[in-house]
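This report concerns only the one structure given below.
The values are calculated or read from the model by the stated rules, or taken from the named source; none is laboratory data. All figures in this text were calculated on a predicted structure; none of them were measured in a lab. Glycine also receives a Cβ, built like all others from the backbone with ideal geometry; neighbour counts cover every protein chain displayed. Only protein heavy atoms, including side chains, enter the accessible area calculation; ligands, DNA and RNA are left aside. Shrake-Rupley method; radii C 1.70, N 1.55, O 1.52, S 1.80 Å.
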Amino acid sequence: MPDISLTTVVLLCLAALAAGWIDAVVGGGGLLLLPALLLGLPSGTPAAHALGTNKAVAIVGTTGAAVTYARKAPVDVRTAVRIGLAALAGSSGGAFFAAGMSTEVLKPVIMVVLLAVAAFVILRPAFGTAPATGPATRRQILAAIGLAGLGIGFYDGLVGPGTGTFLVLALTALLHLDLVTASATAKIVNCCTNAGALATFAWQGAVLWQLAVLMAVFNLAGGMFGAHTALKKGSGFVRVVLLTVVFALVANLAWEQWVA
(Lines give C-alpha, C1' and ligand atoms only; values in the text may rest on other atoms or scores of the structure.)
Protein backbone atom coordinates (compact mmCIF):
# COMPACT_ATOMS: atom_id res chain seq x y z
CA MET A 1 0.00 0.00 0.00
CA PRO A 2 1.30 3.54 -0.76
CA ASP A 3 2.47 5.74 2.09
CA ILE A 4 -0.76 7.43 3.25
CA SER A 5 -1.13 9.50 6.44
CA LEU A 6 -3.49 8.38 9.21
CA THR A 7 -5.58 11.52 8.69
CA THR A 8 -6.05 10.69 5.02
CA VAL A 9 -7.03 7.10 5.85
CA VAL A 10 -9.65 8.35 8.34
CA LEU A 11 -11.06 10.78 5.77
CA LEU A 12 -11.19 8.05 3.13
CA CYS A 13 -13.08 5.78 5.55
CA LEU A 14 -15.60 8.55 6.28
CA ALA A 15 -15.98 9.09 2.52
CA ALA A 16 -16.63 5.35 2.15
CA LEU A 17 -19.32 5.52 4.86
CA ALA A 18 -21.10 8.44 3.17
CA ALA A 19 -20.70 6.87 -0.27
CA GLY A 20 -22.29 3.65 0.97
CA TRP A 21 -25.35 5.55 2.23
CA ILE A 22 -25.65 7.59 -0.98
CA ASP A 23 -25.18 4.54 -3.20
CA ALA A 24 -27.91 2.60 -1.40
CA VAL A 25 -30.41 5.48 -1.62
CA VAL A 26 -29.90 6.77 -5.17
CA GLY A 27 -26.82 5.04 -6.55
CA GLY A 28 -23.69 6.91 -7.53
CA GLY A 29 -21.69 6.48 -4.35
CA GLY A 30 -18.63 6.20 -6.58
CA LEU A 31 -19.11 9.85 -7.45
CA LEU A 32 -17.94 10.58 -3.91
CA LEU A 33 -15.69 7.57 -3.34
CA LEU A 34 -13.62 7.68 -6.54
CA PRO A 35 -12.79 11.43 -6.33
CA ALA A 36 -11.85 10.89 -2.68
CA LEU A 37 -9.42 8.14 -3.70
CA LEU A 38 -8.04 10.20 -6.58
CA LEU A 39 -7.33 13.06 -4.16
CA GLY A 40 -6.22 10.93 -1.20
CA LEU A 41 -3.76 8.58 -2.90
CA PRO A 42 -0.20 9.87 -3.33
CA SER A 43 0.65 11.80 -6.46
CA GLY A 44 1.80 9.49 -9.21
CA THR A 45 -0.46 6.59 -8.19
CA PRO A 46 -1.94 5.14 -11.42
CA ALA A 47 -5.62 5.96 -11.95
CA ALA A 48 -6.28 2.23 -12.41
CA HIS A 49 -5.33 1.66 -8.76
CA ALA A 50 -7.94 4.19 -7.64
CA LEU A 51 -10.52 2.54 -9.90
CA GLY A 52 -9.68 -0.98 -8.71
CA THR A 53 -9.70 -0.02 -5.02
CA ASN A 54 -12.99 1.79 -5.55
CA LYS A 55 -14.52 -1.44 -6.89
CA ALA A 56 -13.20 -3.54 -4.01
CA VAL A 57 -14.79 -1.14 -1.51
CA ALA A 58 -18.04 -0.57 -3.40
CA ILE A 59 -18.92 -4.23 -3.93
CA VAL A 60 -19.14 -4.78 -0.16
CA GLY A 61 -21.52 -1.88 0.49
CA THR A 62 -23.58 -2.66 -2.61
CA THR A 63 -24.00 -6.28 -1.54
CA GLY A 64 -25.12 -5.23 1.93
CA ALA A 65 -27.66 -2.82 0.46
CA ALA A 66 -28.89 -5.44 -2.03
CA VAL A 67 -29.53 -7.98 0.74
CA THR A 68 -31.37 -5.35 2.82
CA TYR A 69 -33.57 -4.33 -0.12
CA ALA A 70 -34.29 -7.91 -1.22
CA ARG A 71 -35.76 -8.70 2.19
CA LYS A 72 -38.25 -5.82 2.17
CA ALA A 73 -38.76 -4.41 -1.34
CA PRO A 74 -40.83 -6.01 -4.17
CA VAL A 75 -37.79 -6.89 -6.30
CA ASP A 76 -38.00 -9.22 -9.31
CA VAL A 77 -34.76 -11.01 -8.48
CA ARG A 78 -34.83 -13.18 -11.62
CA THR A 79 -34.98 -10.15 -13.93
CA ALA A 80 -32.35 -8.32 -11.87
CA VAL A 81 -29.95 -11.27 -12.11
CA ARG A 82 -30.43 -11.56 -15.89
CA ILE A 83 -29.61 -7.87 -16.32
CA GLY A 84 -26.76 -8.29 -13.85
CA LEU A 85 -25.12 -11.11 -15.83
CA ALA A 86 -25.10 -8.90 -18.94
CA ALA A 87 -23.70 -6.09 -16.80
CA LEU A 88 -20.95 -8.36 -15.51
CA ALA A 89 -19.83 -9.05 -19.07
CA GLY A 90 -20.02 -5.36 -19.95
CA SER A 91 -18.06 -4.22 -16.91
CA SER A 92 -15.34 -6.81 -17.48
CA GLY A 93 -14.86 -5.46 -20.99
CA GLY A 94 -14.87 -1.85 -19.82
CA ALA A 95 -12.25 -2.56 -17.16
CA PHE A 96 -9.80 -3.79 -19.80
CA PHE A 97 -9.90 -0.36 -21.46
CA ALA A 98 -9.53 1.53 -18.16
CA ALA A 99 -5.93 0.55 -17.38
CA GLY A 100 -4.43 3.31 -19.53
CA MET A 101 -6.89 6.04 -18.56
CA SER A 102 -5.41 9.06 -16.77
CA THR A 103 -6.86 11.03 -13.87
CA GLU A 104 -7.05 14.12 -16.11
CA VAL A 105 -9.51 12.29 -18.39
CA LEU A 106 -11.70 11.00 -15.58
CA LYS A 107 -12.76 14.27 -13.97
CA PRO A 108 -14.22 15.99 -17.09
CA VAL A 109 -16.04 12.78 -18.07
CA ILE A 110 -17.63 12.52 -14.62
CA MET A 111 -18.74 16.19 -14.77
CA VAL A 112 -20.48 15.77 -18.13
CA VAL A 113 -22.23 12.64 -16.92
CA LEU A 114 -23.42 14.38 -13.75
CA LEU A 115 -24.85 17.35 -15.64
CA ALA A 116 -26.75 15.00 -17.96
CA VAL A 117 -28.28 13.20 -14.97
CA ALA A 118 -29.29 16.48 -13.31
CA ALA A 119 -30.92 17.82 -16.47
CA PHE A 120 -32.92 14.64 -17.00
CA VAL A 121 -34.28 14.51 -13.44
CA ILE A 122 -35.17 18.23 -13.37
CA LEU A 123 -37.01 18.05 -16.70
CA ARG A 124 -39.01 15.04 -15.50
CA PRO A 125 -40.31 16.07 -12.03
CA ALA A 126 -42.74 13.13 -11.79
CA PHE A 127 -40.12 10.61 -12.87
CA GLY A 128 -40.08 7.57 -10.61
CA THR A 129 -42.71 8.80 -8.15
CA ALA A 130 -45.57 6.61 -9.38
CA PRO A 131 -45.88 3.01 -8.14
CA ALA A 132 -44.65 0.21 -10.39
CA THR A 133 -47.20 -0.58 -13.12
CA GLY A 134 -46.84 -4.38 -12.98
CA PRO A 135 -44.63 -7.11 -14.46
CA ALA A 136 -42.32 -5.98 -17.25
CA THR A 137 -42.86 -7.26 -20.79
CA ARG A 138 -40.29 -9.36 -22.65
CA ARG A 139 -39.39 -6.38 -24.83
CA GLN A 140 -38.82 -4.16 -21.78
CA ILE A 141 -36.62 -6.79 -20.15
CA LEU A 142 -34.52 -7.24 -23.32
CA ALA A 143 -34.08 -3.46 -23.57
CA ALA A 144 -32.99 -3.36 -19.93
CA ILE A 145 -30.51 -6.19 -20.52
CA GLY A 146 -29.00 -4.33 -23.47
CA LEU A 147 -28.91 -0.78 -22.07
CA ALA A 148 -28.76 -1.20 -18.30
CA GLY A 149 -26.82 -4.45 -18.52
CA LEU A 150 -24.25 -4.33 -21.31
CA GLY A 151 -24.18 -0.55 -21.86
CA ILE A 152 -24.05 0.75 -18.29
CA GLY A 153 -22.00 -2.28 -17.27
CA PHE A 154 -19.33 -1.29 -19.80
CA TYR A 155 -19.35 2.27 -18.45
CA ASP A 156 -19.00 0.90 -14.91
CA GLY A 157 -15.86 -1.02 -15.79
CA LEU A 158 -14.42 1.86 -17.81
CA VAL A 159 -15.10 4.76 -15.42
CA GLY A 160 -17.52 3.67 -12.68
CA PRO A 161 -18.87 6.75 -10.86
CA GLY A 162 -22.60 7.26 -11.33
CA THR A 163 -23.28 3.67 -12.39
CA GLY A 164 -25.83 3.10 -9.62
CA THR A 165 -27.58 6.37 -10.48
CA PHE A 166 -27.71 5.51 -14.19
CA LEU A 167 -29.04 2.06 -13.37
CA VAL A 168 -31.81 3.57 -11.24
CA LEU A 169 -32.76 5.98 -14.04
CA ALA A 170 -32.60 3.30 -16.76
CA LEU A 171 -34.56 0.71 -14.79
CA THR A 172 -37.21 3.27 -13.82
CA ALA A 173 -37.63 4.32 -17.46
CA LEU A 174 -37.39 0.91 -19.12
CA LEU A 175 -39.25 -1.27 -16.61
CA HIS A 176 -41.63 1.44 -15.32
CA LEU A 177 -40.56 1.04 -11.69
CA ASP A 178 -40.83 3.52 -8.86
CA LEU A 179 -37.52 4.91 -7.61
CA VAL A 180 -37.35 2.75 -4.49
CA THR A 181 -37.95 -0.51 -6.40
CA ALA A 182 -35.53 0.65 -9.11
CA SER A 183 -32.90 1.35 -6.43
CA ALA A 184 -33.41 -2.12 -4.99
CA THR A 185 -33.11 -3.76 -8.42
CA ALA A 186 -30.09 -1.63 -9.29
CA LYS A 187 -28.21 -2.88 -6.23
CA ILE A 188 -28.43 -6.49 -7.46
CA VAL A 189 -27.29 -5.47 -10.95
CA ASN A 190 -24.55 -3.27 -9.50
CA CYS A 191 -23.19 -6.22 -7.51
CA CYS A 192 -22.60 -7.99 -10.81
CA THR A 193 -20.96 -4.99 -12.52
CA ASN A 194 -18.68 -4.48 -9.52
CA ALA A 195 -17.74 -8.17 -9.50
CA GLY A 196 -16.85 -8.18 -13.20
CA ALA A 197 -14.75 -5.02 -13.02
CA LEU A 198 -13.10 -6.03 -9.72
CA ALA A 199 -12.04 -9.40 -11.14
CA THR A 200 -10.33 -7.62 -14.04
CA PHE A 201 -8.61 -5.02 -11.84
CA ALA A 202 -7.47 -7.72 -9.38
CA TRP A 203 -6.02 -9.76 -12.25
CA GLN A 204 -4.12 -6.63 -13.35
CA GLY A 205 -2.81 -6.07 -9.79
CA ALA A 206 -4.58 -2.70 -9.57
CA VAL A 207 -6.27 -3.07 -6.16
CA LEU A 208 -4.82 -1.68 -2.90
CA TRP A 209 -6.26 -4.47 -0.75
CA GLN A 210 -5.20 -3.25 2.71
CA LEU A 211 -6.83 0.13 2.22
CA ALA A 212 -9.83 -1.42 0.48
CA VAL A 213 -10.63 -3.81 3.34
CA LEU A 214 -10.58 -1.00 5.89
CA MET A 215 -12.78 1.30 3.79
CA ALA A 216 -15.14 -1.56 2.91
CA VAL A 217 -16.22 -1.95 6.55
CA PHE A 218 -17.44 1.66 6.58
CA ASN A 219 -19.00 1.34 3.13
CA LEU A 220 -20.97 -1.72 4.26
CA ALA A 221 -22.37 0.14 7.28
CA GLY A 222 -23.36 3.09 5.10
CA GLY A 223 -24.97 0.85 2.47
CA MET A 224 -27.17 -1.04 4.89
CA PHE A 225 -28.27 2.12 6.68
CA GLY A 226 -28.99 3.84 3.35
CA ALA A 227 -31.22 0.98 2.18
CA HIS A 228 -33.24 1.17 5.40
CA THR A 229 -33.59 4.94 4.94
CA ALA A 230 -34.84 4.68 1.34
CA LEU A 231 -37.37 1.98 2.24
CA LYS A 232 -38.70 4.09 5.09
CA LYS A 233 -38.79 7.50 3.34
CA GLY A 234 -40.01 6.51 -0.15
CA SER A 235 -39.48 7.72 -3.74
CA GLY A 236 -39.93 11.44 -3.06
CA PHE A 237 -37.05 11.40 -0.61
CA VAL A 238 -34.88 9.41 -3.03
CA ARG A 239 -35.43 12.04 -5.74
CA VAL A 240 -34.44 14.92 -3.44
CA VAL A 241 -31.26 13.12 -2.36
CA LEU A 242 -30.45 12.33 -6.00
CA LEU A 243 -30.57 15.98 -7.06
CA THR A 244 -28.72 17.17 -3.95
CA VAL A 245 -25.89 14.72 -4.50
CA VAL A 246 -25.59 15.47 -8.21
CA PHE A 247 -25.37 19.26 -7.79
CA ALA A 248 -22.95 19.06 -4.86
CA LEU A 249 -20.59 16.85 -6.80
CA VAL A 250 -20.82 18.95 -9.99
CA ALA A 251 -19.85 22.03 -7.96
CA ASN A 252 -16.97 20.19 -6.31
CA LEU A 253 -15.55 18.81 -9.55
CA ALA A 254 -15.95 22.16 -11.32
CA TRP A 255 -13.97 23.83 -8.52
CA GLU A 256 -11.18 21.26 -8.83
CA GLN A 257 -11.11 21.47 -12.62
CA TRP A 258 -11.13 25.23 -13.18
CA VAL A 259 -10.48 27.06 -9.89
CA ALA A 260 -8.26 25.05 -7.55
Shape call, segment 1-99: gyration tensor on alpha carbons, a/c limit 1.5: oblate
Heavy-atom SASA rank of T7, T193, T137, T45 (probe 1.4 Å, accessible area, largest first): T7, T137, T45, T193
Residue-level accessible surface for D3, protein heavy atoms, 1.4 Å, Å²: 140 Å²
Shape metrics for segment 1-50, restricted to C-alpha atoms - Rg then Dmax, Å: 11.3, 33
Solvent exposure of the chain as accessible area per residue, Å², 1.4 Å probe: 42 Å²
Relative contact order of the chain, defined on C-alpha pairs under 8 angstrom at six or more residues apart (%): 39 percent
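Students sometimes get this wrong: rank M224, M215 by accessible area, probe 1.4 Å, all chains present, largest first. Intermediate results must be reported in sequence, preceding the final value.
Details: M224 80, M215 0 Å².
Sorted descending by solvent-accessible area, the residues read M224, M215.
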Per residue, the convex hull volume that the Cα atoms of segment 145-200 enclose (Å³): 60 Å³
Normalised convex hull volume, segment 152-260, alpha-carbon set, Å³ per residue: 131 Å³
Residue order for Y155, Y69 - accessible surface, 1.4 angstrom probe, largest first: Y155, Y69
Amide H contacts of G28 (H built 1.01 Å from N, under 5 Å, at least 5 apart or other chain): G162, T163, G164, T165
Fraction of accessible area attributable to carbon and sulfur, the chain (%, probe 1.4 Å): 70 percent
Tail fraction, Cα-Cα pairs, the chain, threshold 31 Å, whole percent: 16 percent
Pairwise label distance in nanometres, L115 with T244, each label 7 Å out on the Cα-Cβ vector: 2.5 nm
Selected from G61, G30, G40 as most flexible by GNM, with the chain as the system and alpha-carbon contacts under 10 Å: G40
